[in-house]
Amino acid sequence: MKKKHTIDFSSDWNLVPAPESTATIKLKEKYDLYINGKFVAPKSGVYFDTINPANEEVLCQVARANAEDIDFAVKSARKAFNTTWSKLSGKERGKYMYRIARIIQERAREFAIVESLDGGKPIRESRDIDIPLAAAHFFYYAGWADKLAYAFPNRKPKALGVAGQIIPWNFPLLMAAWKIAPAIAAGNTVVIKSSKSTPLTLHLLAEVIHEAGLPAGVVNIISGNGETGSFIVEHPDVDKIAFTGSTEIGKVIMKAITGTHKKASMELGGKAANIIFEDAPLDQAVEGIVNGIFFNQGHVCCAGSRLYVQESVFDKVLQKLKDRLQSLTIGDPLDKNTDIGAINSKDQLKDINKYIEIGLQEGAHIYQPDCKLPSKGFWCKPTLFTNVSQSNRITQEEIFGPVLAIQTFRTIDEVIEKANNSPYGLSAGVWTDKGSKIFNMTTKLKAGVIWANTFNKFDPASPFGGYKESGFGREGGVHGLAEYLKFD
Amino acid sequence: MSRIEVLKTYKIFIGGKFPRTESGRYYPLKHNNKIIANMCLSSVKDFRNAVVSAKAAQGSWAGKTTYNRSQILYRMAEVLEGRKAQFIAELETQGIAPKNAVQEVELSIDRLIYYAGWCDKYVQIHSSVNPVSGSFFNFSVPEPMGVVAVVAPENSGLLGLVTQICSIIAGGNTCVVLASEKLPLCAVSFSEVIATSDVPGGVVNIITGKQNELINNFASHMNVNAILYCGSDKKVIKNVQDLAIENIKRVFIRENSDYFDAKHDNLYYIFDFQETKTTWHPIEQIGGSGSGY
């Protein structure tokens with residue numbers, strides 16, 4: 001007989017609010033562009049609002065760069081490359097980067113609060129993951145700057161020149177660190193564009209870079225919309241395009257640079273399989289499932305959005321998962337208890353809701369925990385779909401939200417086939433207590449990052465990037481340097 | 001009375017078999033206005049069949065032990081060595097000077113040996129255990145991309161072709177190769193070397209024909225994971241890059257080059273066609289941790 005559940009969610013899980021104070025944060029009314037070592041007003045004269053997705057209030061205004069601004073930024077980066085940065089020894093480049101890492105650490109709390117304000121992610125994540133990892137990336141690559149010759153045996157690495165970088169809205173500061181750190185360690189100069197919905201921490205990063213005394217023009221920080229990004233992609237004097245974002249936009253960018261000398265690295269979409277075998281430690285696996293799909297509200301390219309549970313343990317896993325969902329705290333991103341914050345933007349919420357509707361129309365069974373959502377802001381309950389099949393759109397397409405499509409399997413061959421049956425190949429997860437099974441699975445799964453008995457772990461020393469339509473090139477580790485170097 | 005020579009029918013090589021093109025078409029290969037051979041003018045259908053073979057063969061080829069792959073590449077060199085005279089004669093028939101012909105065949109053999117030696121070593125050079133901050137064992141290894149479509153160098157019928165093929169298959173990929181249009185004879189004869197060297201059927205597929213008829217399909221086929229274009233035509237390069245976007249095929253360009261140059265003994269030719277896979281696993285932290293000896 002099945003054991004009856006005795007968890008009383010109504011009494012056991014009422015946590016006292018513990019909001020992080022914003023008293024120490026003083027946002028400016030307007031943020032300018034950072035070009036050639038100076039904070040400059042955009043030539044367009046246009047500023048746009050950036051809002052807090054948790055309450056829809058305007059936080060401040062941010063400059064929108066136009067083609068002239070980009071041209072100025074690229075020229076500044078080129079000049080810095082020719083006159084200062086390429087003349088500097090690796091050791092000195094590294095010392096500047098160490099400074100950046102240190103100042104981010106010093107201002108970490110401020111960064112974390114602004115990241116959560118601007119993007120809606122729980123302070124627990126911005127404080128413990130985004131910001132410390134960003135600092136760690138600068139620290140890690142700082143040490144590479146004077147050791148490049150050791151990274152590529154029998155080859156003479158050379159910097160490419162000016163790198164144009166475009167980052168997404170889901171991990172703003174962290175993605176900036178992933179892009180800028182290896183680029184300048186390798187001796188390149190940078191023009192980087194923040195995303196339209198989460199530009200703020202990049203403006204803070206500009207302050208850090210300024211404070212670190214980096215030579216003018218080595219890092220130029222631009223804000224704007226998609227069109228602004230296209231000016232970078234199309235600028236003839238850019239030598240390298242690094243992009244993180246959707247596969248759809250990635251293809252548009254690639255199309256724009258064919259036939260040119262521009263080197264590219266693309267970190268694109270994903271639809272990761274997270275596979276639970278019957279011999280897995282199920283409680284840990286359930287934590288892994290939750291972390292896999294609800295981390296950062298599911299706004300994660302490597303999110304474990306397709307769950308495959310071995311049939312024999314399906315009922316048990318599903319019940320545990322539902323219980324766990326009921327205990328998640330959803331709400332104020334600045335509350336230290338919060339597990340799931342706000343959806344990043346109105347548009348994204350619309351997109352997620354569209355997919356939930358599609359799931360229902362496809363005949364899938366929905367489960368959402370019983371919880372209250374704040375009245376203002378953009379919110380989505382963590383969502384499970386069962387009774388889905390491999391051909392359903394919610395199984396095939398990247399939703400980029402807290403929506404999990406759950407399927408079952410019987411044999412290893414079956415689950416490998418299902419897991420690999422996707423145009424994406426960014427990441428995958430495997431849960432089992434059997435070592436030989438792990439190695440069989442990790443060898444057969446076509447994905448760039450495999451988490452075995454864990455999920456969504458990141459580190460500057462660990463190469464990250466996809467197979468197939470999840471893009472190409474690696475960020476992190478010694479491998480990440482190669483994207484910013486050329487060889488004779 | 002002098003003996004009547006038996007002339008060879010030059011075929012194509014798909015899935016370990018030697019068909020003529022399904023299209024029944026041919027193009028005359030001439031030297032000094034004399035027809036040397038009626039080469040297969042392979043069709044898009046031939047190419048697609050070859051991709052099916054290459055894809056079917058890839059998993060088990062990548063799954064062979066590296067020692068085994070190494071020996072198979074070495075075997076190719078052994079067999080080519082034994083058939084040197086045939087290849088030299090073929091090169092000369094196509095207008096290569098005798099001295100250069102000897103050199104080209106010998107260097108082709110040596111290049112096979114070079115890449116044979118890498119099969120069980122390149123993984124070590126490219127792999128890493130990544131010292132992450134946390135209680136995890138984390139490592140990265142190279143893995144073959146899968147099926148590679150190759151437009152072989154037009155000006156180096158044997159050596160250029162061998163260089164591409166052996167560096168690609170050394171890394172566990174399989175390939176479909178379009179031979180040089182002007183110098184195709186050795187490509188077909190080299191497929192006979194492949195067929196008799198324990199290379200499983202489908203690992204290497206070689207077709208002959210016209211680049212401009214086939215290259216769009218090489219670049220756009222959804223079951224091809226990477227494309228290598230050997231040549232310097234800017235228009236072709238852009239076209240290949242454009243068509244490859246559909247399934248984000250990896251694109252590599254090797255411009256016209258002197259394949260006699262030792263720079264083509266190049267470990268990085270193997271790495272070009274490798275993906276990097278990173279694996280994480282937690283490390284248990286209990287009892288005794290922190291104690292030294």
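The values are calculated or read from the model by the stated rules, or taken from the named source; none is laboratory data. Keep in mind it's a predicted model, so treat the numbers as computed, not measured. Reconstructed Cβ throughout: ideal geometry from the backbone, glycine too, with neighbour counts over all protein chains shown. Just the protein is used for accessible areas: all its heavy atoms, side chains included, with ligands, DNA and RNA removed. Shrake-Rupley method; radii C 1.70, N 1.55, O 1.52, S 1.80 Å.
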Residues that are over 8 Å from the mean Cα position of the chain (by Cα), crowded, with 24+ Cβ neighbours inside 10 Å and within 23 Å of B:Asn239 (Cα to Cα): does the stretch B:166-179 have at least one?
yes
Has the stretch A:240-262 got any residue that is within 14 Å of chain B (Cβ to nearest Cβ), surrounded by fewer than 18 Cβ atoms within 10 Å (Cβ to Cβ) and touching a residue at least 60 places away in the same chain (Cβ under 8 Å)?
yes
When the stretch A:373-419 is checked residue by residue, the ones that are of a type in the set (S, T, N, Q), surrounded by 17 or more Cβ atoms within 10 Å (Cβ to Cβ) and either within 24 Å of A:Ser470 (Cβ to Cβ) or within 26 Å of the chain's Cα centre (by Cα) (or both) are A:Thr383, A:Asn392, A:Thr395, A:Gln407
Would you check if there is a residue in the stretch A:470-482 being aromatic (Phe, Trp, Tyr) and more than 9 Å from chain B (Cβ to nearest Cβ)?
no
Counting residues that are more than 18 Å from the chain's Cα centre (by Cα) and of a type in the set (Val, Ile, Thr), which helices (runs of 4 or more DSSP H) fully inside the stretch B:36-123 reach at least 1?
B:44-63, B:84-93, B:98-118
Looking at the stretch A:151-164, is at least one residue assigned by TED's automatic domain parsing to the domain that holds A:Ile70, in a helix (DSSP H, G or I) and of a type in the set (A, V, I, L, M)?
yes
Failed item in (1) within 14 Å of chain A (Cβ to nearest Cβ); (2) within 20 Å of B:Ser53 (Cβ to Cβ); (3) open to solvent by 10 Å² or more (accessible area, probe 1.4 Å); (4) in contact (Cβ under 8 Å) with a residue 60 or more places away in the chain, with B:Met222 passing the rest
(4)
Give me the pairs: first residue in the stretch B:111-131 and buried (at least 17 other Cβ atoms within 10 Å of the Cβ), second residue of a type in the set (Phe, Trp, Tyr), beta-carbon distance under 6 Å, and six or more apart or on different chains, which are they?
B:Ala116/B:Tyr74; B:His126/B:Phe271
May I ask you to list the residues in the stretch A:438-488 that are of a type in the set (Asp, Glu) and more than 30 Å from A:Asp283 (Cβ to Cβ)?
A:Glu469, A:Glu475, A:Glu483, A:Asp488
On the given criteria, is B:Val162 buried (at least 22 other Cβ atoms within 10 Å of the Cβ), without any contact (Cβ under 8 Å) to a residue 40 or more places away in the chain, away from chain A (no Cβ under 12 Å) and not in a loop (DSSP other than H, G, I, E, B)?
no
Taking A:Leu214, is it crowded, with 24+ Cβ neighbours inside 10 Å and in contact (Cβ under 8 Å) with a residue 12 or more places away in the chain?
no
As an exercise: evaluate A:Lys196 against (1) within 21 Å of A:Glu234 (Cβ to Cβ); (2) open to solvent by 10 Å² or more (accessible area, probe 1.4 Å); (3) in contact with a helix residue (DSSP H, G or I) (Cβ under 7 Å, 6 or more places away or on another chain) and give the number of the one condition it does not meet.
(3)
Can you tell me which residues in the stretch B:98-133 are at pLDDT 95 or above and at the interface with another protein chain (Cβ under 9 Å from one of its Cβ atoms)?
B:Ser128, B:Asn130, B:Pro131, B:Val132, B:Ser133
How many residues are open to solvent by 50 Å² or more (accessible area, probe 1.4 Å) and not polar (S, T, N, Q) when one looks only at the stretch A:56-66?
4
Might you let me know whether the stretch B:260-279 holds any residue that is more than 14 Å from every other protein chain (Cβ to nearest Cβ) and either under 27 Å from A:Leu268 (Cβ atoms) or in a loop (DSSP other than H, G, I, E, B) (or both)?
yes
Meets criteria (at pLDDT 95 or above, closer than 26 Å to B:Asn225 by Cβ, touching a helix residue (DSSP H, G or I) at 6+ places or on another chain (Cβ under 8 Å) and more than 9 Å from chain B (Cβ to nearest Cβ)) for A:Gln396:
no
Consider A:Ile232 carefully, then state whether it is over 19 Å from A:Ala177 (Cβ atoms) and either among the hydrophobic types (A, V, I, L, M, F, W, C) or at pLDDT below 95 (or both).
no
Considering only the stretch B:183-190, I want to know if a residue exists there that is out of contact with any Asp or Glu (no Cβ under 9 Å at 6 or more places or on another chain) and either under 28 Å from A:Leu445 (Cα atoms) or open to solvent by 30 Å² or more (accessible area, probe 1.4 Å) (or both).
no
Could you list all residues from the stretch B:248-281 that are open to solvent by less than 20 Å² (accessible area, probe 1.4 Å) and over 19 Å from the mean Cα position of the chain (by Cα)?
B:Ile248, B:Thr276, B:Lys277, B:Thr278, B:Thr279, B:Trp280
From the list B:Ala149, B:Ala89, B:Ala62, exactly one residue is closer than 25 Å to B:Glu192 by Cα and either buried (at least 21 other Cβ atoms within 10 Å of the Cβ) or among the polar types (S, T, N, Q) (or both). Which is it?
B:Ala149
Residue that is out of contact with any helix residue (DSSP H, G or I) (no Cβ under 7 Å at 6 or more places or on another chain), surrounded by 24 or more Cβ atoms within 10 Å (Cβ to Cβ) and not small (Gly, Ala, Ser), where the choices are A:Glu227, A:Glu287, A:Glu311, A:Glu267
A:Glu267
Which of the residues spanning the stretch A:290-304 are outside any helix (DSSP H, G or I) and open to solvent by less than 10 Å² (accessible area, probe 1.4 Å)?
A:His299, A:Val300, A:Cys302, A:Ala303, A:Gly304
Among the residues of the stretch A:455-469, are any buried (at least 24 other Cβ atoms within 10 Å of the Cβ), touching a residue at least 60 places away in the same chain (Cβ under 8 Å), more than 11 Å from chain B (Cβ to nearest Cβ) and more than 27 Å from A:Val313 (Cβ to Cβ)?
no
Residue list for the stretch B:124-158, filter: closer than 18 Å to B:Gln274 by Cα and part of a strand (DSSP E or B)
B:Ser128, B:Val129, B:Phe139, B:Ser140, B:Val141, B:Pro142, B:Glu143, B:Pro144, B:Val147, B:Val148, B:Ala149, B:Val150
State whether the residues of the stretch A:340-361 include one that is open to solvent by 60 Å² or more (accessible area, probe 1.4 Å) and assigned to a loop (DSSP other than H, G, I, E, B).
no
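Every residue, every condition in (1) open to solvent by 40 Å² or more (accessible area, probe 1.4 Å); (2) assigned to a helix (DSSP H, G or I); (3) in contact with a helix residue (DSSP H, G or I) (Cβ under 9 Å, 6 or more places away or on another chain); (4) on the phi > 0 side of the Ramachandran plot, yes or no:
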position	(1), (2), (3), (4)
A:Tyr424	yes, no, yes, no
A:Val430	no, no, yes, no
A:Met441	no, yes, yes, no
A:Lys446	yes, no, yes, no
A:Ile450	no, no, yes, no
A:Leu481	no, yes, yes, no
